[in-house]
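These notes are about the structure you will find just below.
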Amino acid sequence: MNSNTVITMYNKNKNKNGKKELFSTGYTPGVYIRDATTGHINPDRYTVGSLNEDLFFKASFADGENVHSRTPTVVFFNSIEDFEQHTGLHCSDDVKNRWMAKYMEACRRLDFTV
């Protein structure tokens, strides 16, 4: 079962002008990965738990906003830059470097050209 949900993020003041929607992906291996910003699902090959998962920047939100589940909300972005731009949150250089190394290794394993 794909437990995709839509979550809403607000700016620090929690006003409607600063809200952004994120599309989540379920935790279950084999579930299709959903783009966090567009909600697009590519059923061809991108699934949770596959080698392809490392092509995406994955983030979890455990802020209690997802009242339908006791598990954190998981979102997948095409890149760390997409995550930062869409959420307004910033990642440390260490996180960026570790993700880039993981992404490059996934590209190498899957014979993708970067």
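The values are calculated or read from the model by the stated rules, or taken from the named source; none is laboratory data. The shown structure was predicted, so the numbers you read here are calculated from the model rather than taken from an experiment. For neighbour counting, all protein chains shown are included, and Cβ atoms are generated from backbone atoms with ideal geometry for every residue, glycine included.
Which of the following residues is surrounded by 11 or more Cβ atoms within 10 Å (Cβ to Cβ) and either modelled with pLDDT of 75 or more or of a type in the set (A, V, I, L, M) (or both): GLY30, GLY88, GLY18?
GLY88
Identify the residue in the stretch 33-47 that is in a loop (DSSP other than H, G, I, E, B) and touching a strand residue (DSSP E or B) at 6+ places or on another chain (Cβ under 6 Å) and, among all such residues, is surrounded by the most Cβ atoms within 10 Å (Cβ to Cβ).
Among those residues, the one meeting the criterion is ALA36.
Identify, by number, the condition in (1) modelled with pLDDT under 90; (2) among the aliphatic types (A, V, I, L, M); (3) buried (at least 16 other Cβ atoms within 10 Å of the Cβ) that LEU110 doesn't meet.
Failed condition: (3).
I need every pair where a residue in the stretch 91-114 that is in contact (Cβ under 8 Å) with a residue 12 or more places away in the chain has its Cβ under 6 Å from the Cβ of a residue that is in a loop (DSSP other than H, G, I, E, B) and exposed (fewer than 13 other Cβ atoms within 10 Å of the Cβ), sequence separation at least 6 or different chains.
The qualifying pairs are CYS107/VAL114.
Among the listed residues ASP54, ASP35, ASP63, ASP44, identify the single one that is at pLDDT below 80, within 22 Å of MET104 (Cα to Cα) and out of contact with any Leu (no Cβ under 6 Å at 6 or more places or on another chain).
ASP44
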